[in-house]
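The values are calculated or read from the model by the stated rules, or taken from the named source; none is laboratory data. All of these numbers come straight from a predicted model, not from anything done at the bench. As a convention, Cβ positions derive from the backbone with ideal geometry for all residues, glycine included, and neighbour counts pool all protein chains shown.
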Amino acid sequence: ALSAIHWRLARYDDLERDDLWDLLTLRCEVFVVEQRCAYLDPDEKDRHPDTRHLLGRAPDGQLAAYLRLLAPGLSYAEASFGRVIVAPPFRGTGLGHALVRHALQHSATLWPGHAIQIGAQAHLLQSAARKEITDFAKDGTLKGLLQKRRHKLGGAFGGLAATLGAAERQTCGP
């Protein structure tokens, strides 16, 4: 059950050795092997002091979900998140929705007043992200942010429309 997932948000320096191993292994399994995208996945942004890693672990300790949150200015002018993964055994459970919801909440807390750019493949943006972004925006949590960035809301929330177009054309890469 989703309620049993243990969420942890950490800077690179605060990751346990097994956390780092598990997240890099999962990213390699999904992005390099499953999606057949040959590129160097780890980059200097992983170690940047303003980057946060969001890990969701199942009760047995298995890394079930992961994404990386980047501060404004690291990849885009906006705050952003990417490297969005739900491990294969946990797909279809709604965990992607929970992961995106946590990312939006943490981004709003860490970088208040900044829009959020999402870097993910089109299938995520068309399902989990779109639902969670809509729900998150409706609950009023980001009211001030939405007012400031209203012109970007055409397809969804803070940069999603532009990212969606790019993700649909992108087959692999960071």
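Against the list (1) at pLDDT 95 or above; (2) in a loop (DSSP other than H, G, I, E, B), the condition Leu69 fails is (2). Being loosely packed, with under 12 Cβ neighbours inside 10 Å and free of Cβ contacts under 8 Å to residues at least 12 places away in the same chain: is that true of Asp60 here? So Asp60 passes the test.
Filtered by the rule that a residue be exposed (fewer than 15 other Cβ atoms within 10 Å of the Cβ) and in a helix (DSSP H, G or I), the range 83-102 gives Pro88, Pro89.
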